[in-house]
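Take a look at the structure below.
The values are calculated or read from the model by the stated rules, or taken from the named source; none is laboratory data. Predicted, not measured: the structure shown is a model, and the values here were computed from it. In this analysis, Cβ positions are derived from the backbone assuming ideal geometry, glycine residues included, and neighbour counts consider all displayed protein chains. When the accessible area is computed, the model is the full protein with side chains, heavy atoms only, and any ligands, DNA or RNA have been set aside. Shrake-Rupley method; radii C 1.70, N 1.55, O 1.52, S 1.80 Å.
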Amino acid sequence: MVGSAYPTVNRMSKPSAVTLNPMPRHVAIIMDGNGRWARKRLLPRVAGHQAGVDAVRGVVESCAKKGIEVLTLFAFSSENWRRPASEVGLLMELFLQTLKREVKRLHSNNVRLRVIGERTAFDPKLQQRIAEAEATTRDNTGLTVVIAANYGGRWDITQAARNVAQKVEIVALKSNDITPELLDQHLSMSDLPEPDLFIRTGGEQRVSNFLLWQLAYTELYFTDTLWPDFLAPAFDEALLSFSKRQRRFGRTGEQVEQAQGA
Ligand code: FPP
């Protein structure tokens, strides 16, 4: 009964052959360092965010070229509202203008755009623009670009738990029916593969309430490069580092090597 109520993808199943991955299917990035990039040039912080948009364009192009399936970008966290109101306003404006300017080009390149996060907090104009961008690109089959906006990993897990709780009333779910797989199916990116590679630019080494659940087995890569300087060679370096990682998914190194030899 419960099983038939939730028969969607089981993206948490482990890969059948555990091998070194030459190319990640899903890359998730915390784009940090825009402010410092601007300060180094005696420019206002917003100039750093504007330069950050150019870097976004570059990484999107690289991912599309390399056949990466999903690129998730942390554009605005649920904690970023704590910034000065003027910077929040400018970031919102930049988001709106970027959507306006880029959607046509993304669409013509077969890119599907998705936004995750609590979007009801945004200005109605921005909400409408987001909905239009998603609708326009929904059926595209190339790269999926996920923008995390007013997103937080804790928010995502909480909204999933809330949705499961609602189902308790509808399909008489028992507490034992609540499994990691069931919760997973209610998260924002439940239909997409989990991130293989997480990148954070700007020198900090923390996850900052990004994809908390989804990063369980993700390879982490931190670089001092500031986001606007994260151009194709820097991205290639991250991908090279990823290609050298041994992904064990809980197994021993010997088991992995044995599976690879088989
Ligand atoms: C962190 O740098 C960056 C942000 C909070 C915003 C990221 C936004 C963009 C790259 C532009 C908009 C993106 C899209 C997809 C439209 P920071 O300001 O914390 O830098 P700092 O640590 O050097 O101060």
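Scanning segment 24-56 for residues that are part of a loop (DSSP other than H, G, I, E, B) and within 12 Å of residue 229 (Cα to Cα) yields a total of 3. Residue selection: residue 215 satisfies the criterion of being open to solvent by less than 30 Å² (accessible area, probe 1.4 Å) and on the phi < 0 side of the Ramachandran plot. Considering segment 97-131, the residues that are within 20 Å of the chain's Cα centre (by Cα) and open to solvent by 80 Å² or more (accessible area, probe 1.4 Å) include one that is farthest from residue 211 (Cα to Cα), namely 109.
Residue 29 meets each of the listed conditions (1) farther than 23 Å from residue 96 by Cβ; (2) more than 8 Å from the ligand (Cβ to nearest atom) apart from (1).
Can you find a residue in segment 57-79 that is within 9 Å of the ligand (Cβ to nearest atom), part of a helix (DSSP H, G or I) and surrounded by fewer than 19 Cβ atoms within 10 Å (Cβ to Cβ)? No; the residues of segment 57-79 include none that is within 9 Å of the ligand (Cβ to nearest atom), part of a helix (DSSP H, G or I) and surrounded by fewer than 19 Cβ atoms within 10 Å (Cβ to Cβ). Residue 34 meets all of the listed conditions (1) within 10 Å of the ligand (Cβ to nearest atom); (2) at pLDDT below 95 but one, namely (2). Here's a check for you: in segment 188-212, which residue that is of a type in the set (Ser, Thr, Tyr) and closer than 30 Å to residue 46 by Cβ is most open to solvent (accessible area, probe 1.4 Å)? That would be 208. In segment 157-186, the residues that are surrounded by 11 or more Cβ atoms within 10 Å (Cβ to Cβ) reach residues that are of a type in the set (D, E, K, R) with C-beta atoms within less than 6 angstrom, at least six apart or across chains, in these pairs: 173/167. Of the residues in segment 80-95, how many are within 8 Å of the ligand (Cβ to nearest atom) and in contact with a Leu (Cβ under 7 Å, 6 or more places away or on another chain)? Residues in segment 80-95 being within 8 Å of the ligand (Cβ to nearest atom) and in contact with a Leu (Cβ under 7 Å, 6 or more places away or on another chain): 1 in total.
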